[in-house]
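Since the structure comes first, as structure tokens, the remarks are kept for the end.
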Amino acid sequence: MDSAHPRKALTIKVSDRSDATIGGPAAPTGAQRSLRPRDAGTLIILDESGGVPKLLMGRRAARLAFMPGKYVFPGGRLEAGDLALARHFSLPGSARERLLSATSPRFGERRATGIALAAIRETFEEAGALIGSDGPMPAKAAGFDAFAAAGISPDPATLSPIARAITPPGHIRRFDTRFFCVSAMAIARPVEFEQRLDDEFDHVDWFALDRLDTLDLPGITRQVLADIEDRLRDGSWRDSSRPMPFYRTRHGRPVREMI
């Protein structure tokens, strides 16, 4: 983590997780139609303390079969622990409306909150940032032991939904990913990257928005970055009442619609 966040680092060991970056290797032919997207959350942390906004990104290790060497935002799939913890939190009405848009009747607020918590949990596991506020956890939940040990409670209400994307058919992994933004001020405590057991990222750093062209980024990441830049330009990135883009394929063609 950089000097913009001077709080004492917390050293905690965590396990390896899979991320929810859109895309990846093609799936075996027989699996192309049967593979259903899994709900996932990705977190974009914005540091606006300097002249040019910076974003926290990680580089996927070269040994990985899924997008090796690509720079992505931290994130991952929804887990049972996220859903269990979600019943103890609520989202602001505007964020809830965004996340429930274009979903089935079975997709409720608890699942939407769980996805936000998944983004927070995975950000800790992959990038070493505890997002939340000082205070006890409302309940014990798998994947959040480090938060409890640090005396920090995750705060999904601070996250602003900014985009949604479904991996197209034909990929070895498919995710229905909600992209969230949060201020770097929401980092309650950083964790020393080198001390983690999670080696999915081999490098994590803050990158200025005007220098991201130098990174090897997946296509969907570039698209969402363009959306963020627009929202930064007009100052609306915290406004969850604004419709957000939804990227998916329809009849084999890419579609971008606002939800």
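Bear in mind these aren't lab numbers, they're just calculated from the coordinates by the rules spelled out. Keep in mind that what you see is a predicted model, and the values were worked out from it rather than measured. Methodologically, a virtual Cβ is constructed for each residue, glycine included, from the backbone with ideal geometry; neighbour enumeration extends over all protein chains shown.
Using a cut-off of under 19 Å, list every residue of the range 100-120 whose amide N is near the label point 7 Å from the Cα of Arg87 along the Cα-to-beta-carbon line. From the range 100-120, the list is 106-118. The phi-based Karplus calculation (6.51 cos²θ - 1.76 cosθ + 1.60; θ = phi - 60°) puts the 3J(HN,Hα) values of the range 231-238 at 6, 5, 4, 9, x, 9, 5, 8 Hz, whole numbers, x for Gly and Pro. Taking trypsin sites (Lys or Arg not before Pro) across the range 47-133, the ones in a DSSP loop with at most 14 further Cβ atoms lying within 10 angstrom of their Cβ are Arg63, Arg87, Arg106.
Here Val52 and Ala157 are evaluated by their C-beta separation; at R0 = 25 Å the FRET efficiency comes out at 0.35. The slack between Ser101 and Ser236, meaning 0.36 nm per residue of separation minus the straight C-alpha distance, is 46.7 nm.
Highest mean packing comes first when the peptides 142-149, 226-233 are listed by Cβ atoms within 10 Å, giving 142-149, 226-233.
Would you work out if the range 29-250 is rounded, prolate or oblate? Take a ≥ b ≥ c from the square roots of the eigenvalues of the alpha-carbon gyration tensor; rounded if a/c is under 1.5, else prolate when a/b is larger than b/c, oblate otherwise. Rounded.
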